[in-house]
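Structure first, then comments.
The values are calculated or read from the model by the stated rules, or taken from the named source; none is laboratory data. In this text the structure is predicted, and so the values were computed from the model without any measurement. In this analysis, Cβ positions are derived from the backbone assuming ideal geometry, glycine residues included, and neighbour counts consider all displayed protein chains.
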Amino acid sequence: MSATLVREKIKTLPVGTWIRSDMFGGGNATEQCLSRLARDPYSPVVRAAHGLYFLSRPGDSFFGKQYPPPLATAIEYGRGRGVGPSGTSAVSFLGLTSQVPPRWSVCLVGSTPHRLTGVDWEVRNNPLRAVLNEVEIATLEMLTLFPMGVEVEWGEVVEKIEKLISGNQIDLAKLVRVSKAEKRKPGLQINLNQLLEDLS
């Protein structure tokens, strides 16, 4: 796709859209076009990560461009690799602590991606995690830690997960299936069994 067509297509996209070159057919010419747009201070395109762009509001001389939050960038960048907040970042993401991490810890399956500002990557080895969304990953990580880092009682944890299930953000059957392949995590199995009992 030509640079002109790329620009015209971008004009039709809503603010907040994630952009990759393969949306426009891919290739070096498309990547170079996106890179040039990201360098233009008045273009709404920003480079969020290697090969990943974000459509912000148009830049101006006072506010500049609006960059996406580091956690949102990490989740989009690792999409399809079982990406989600890890450790105490997962607890914060789920709203089970008042603490906000200065840097987000984000896990995914496979090799560590390119460095992202404000994000520390952690690698997990269970390939089944790839079927989980970021909320399910955060829940898996939190259940592995509990009670460490969690500021609320167990009953509130159960209520929170119940709401996420009702809101179709967590597929409990899928979470259970993936958890069985998590190695050397006795705390996870204990907490998950208790959760299943309390939800029933």
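Brief remarks on what is shown
- Looking at region 127-190, the helices (runs of 4 or more DSSP H) lying wholly inside it that each contain 2 or more residues that are basic (Lys, Arg) sit at 154-166, 172-179.
- No other residue among 30, 4, 73 is among the polar types (S, T, N, Q) and within 30 Å of residue 124 (Cβ to Cβ) apart from 73.
- Counting the residues of region 111-126 that are closer than 18 Å to residue 49 by Cα, assigned to a loop (DSSP other than H, G, I, E, B) and not basic (Lys, Arg) gives 7.
- Search result, residues across region 36-51 that are within 23 Å of the chain's Cα centre (by Cα) and surrounded by 13 or more Cβ atoms within 10 Å (Cβ to Cβ): 38, 44, 45, 46, 47, 48, 49, 51
- Checked against the criterion of being among the aliphatic types (A, V, I, L, M) and under 13 Å from residue 86 (Cβ atoms), region 112-130 has at least one qualifying residue.
- Among residues of region 27-43 that are under 12 Å from residue 3 (Cβ atoms), those with a beta-carbon under 8 Å from a residue that is buried (at least 18 other Cβ atoms within 10 Å of the Cβ) and polar (S, T, N, Q) at least six positions away or on a different chain give the pairs 27/21; 30/21; 31/21; 34/21; 37/43.
Residues are listed down the side, and each one gets a yes or a no for (1) surrounded by 16 or more Cβ atoms within 10 Å (Cβ to Cβ); (2) hydrophobic (A, V, I, L, M, F, W, C):
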residue: 126; (1), (2): yes, no
residue: 129; (1), (2): yes, no
residue: 150; (1), (2): yes, yes
residue: 164; (1), (2): yes, yes
residue: 167; (1), (2): no, no
residue: 172; (1), (2): yes, yes
residue: 184; (1), (2): no, no
residue: 189; (1), (2): no, no
residue: 196; (1), (2): no, yes
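- Residue identified as buried (at least 17 other Cβ atoms within 10 Å of the Cβ), of a type outside the set (Val, Ile, Thr), under 27 Å from residue 134 (Cα atoms) and over 23 Å from the mean Cα position of the chain (by Cα) among 54, 24: 24
- Conditions (1) in a loop (DSSP other than H, G, I, E, B); (2) among the hydroxyl-bearing types (Ser, Thr, Tyr); (3) in contact with a helix residue (DSSP H, G or I) (Cβ under 7 Å, 6 or more places away or on another chain); number of the one not met by residue 30: (1)
- For beta carbons closer than 9 Å, sequence separation of 6+ or different chains, a first residue in region 177-188 that is in the same structural domain as residue 132 (by TED's automatic domain parsing) and a second that is loosely packed, with under 13 Cβ neighbours inside 10 Å, the qualifying pairs are 183/125; 187/148.
- Scope region 76-99; condition within 23 Å of residue 167 (Cβ to Cβ) and assigned to a loop (DSSP other than H, G, I, E, B); matching residues: 78, 79, 80, 82, 83, 86, 94, 95, 96, 97, 98
- Against the criterion of being outside any strand (DSSP E or B) and of a type in the set (Phe, Trp, Tyr), residue 42 qualifies.
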